[in-house]
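Heads up, the thing below is written out as structure tokens.
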Amino acid sequence: MKSTKLKFPEVLLLEPEIFEDERGLFYESFNQDKFEKATGKKISFVQDNFSKSKKNTLRGMHYQLPPMAQGKLVSVLQGEIFDVVVDLRSSSKTFGNYIFQKLDSITKQQLWVPEGFAHGFLVTSDFAEVMYKTTNFYSPNYERSIIWSDPDLSINWPNPSNFILSDKDKKASFFLNADYI
């Protein structure tokens, strides 16, 4: 597995080794030893989540507060997404900054989003199937969301019109009013 640190060094782009032949392809979608070597930490996952969404669906920007904060290992099983991560660590030099990464089912790249970051994505293909592992269980009492169109974050979403959002995401908080990590 190849590991690349992004603008936030804690957020990693992981690329598996893909083996292809006349039968098709094979790759390890997860290997605990390789993952721990890439992150430099012992990390346990407790839940797998799956979503299937059509084009222009925007999910996010989601996070959970401690003690239920979640790290996420995001994979695209089918299609393509524009994945966004916002630093919510108030003591960080990159607090309030964001990064984005295209993830798709062709490259099989994964994004490691540790605790302390909000996460969301926009489906840019006709549909996308997204799977992510989490380090903590879903907890509605600790769940928070930041509005995708927050003017202070100024996330440069591709084609920012006609997005399909859940009612919860439409009512998300502005960054300045959000609970931080």
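Just so it is clear, none of the values below were taken in a lab; they were calculated from the coordinates. Note that this is a predicted model, so its numbers are computed, not measured.
Can you tell me what share of the DSSP beta bridges in the range 42-177 is antiparallel? A percent to the nearest 5 is fine.
95
One decimal place: the segment S161-K37 gains 40.6 nm when fully extended, by the rule 0.36 nm per residue minus the C-alpha distance.
Do the alpha carbons of any pairs in K34/K171; K2/K52; K52/K93 sit beyond 32 Å of each other, and which pairs? Pairs exceeding 32 Å: K34/K171; K52/K93.
Each principal axis of the Cα cloud of the chain was taken in turn, and the coordinate range along them, longest first, works out to 53, 37, 28 Å.
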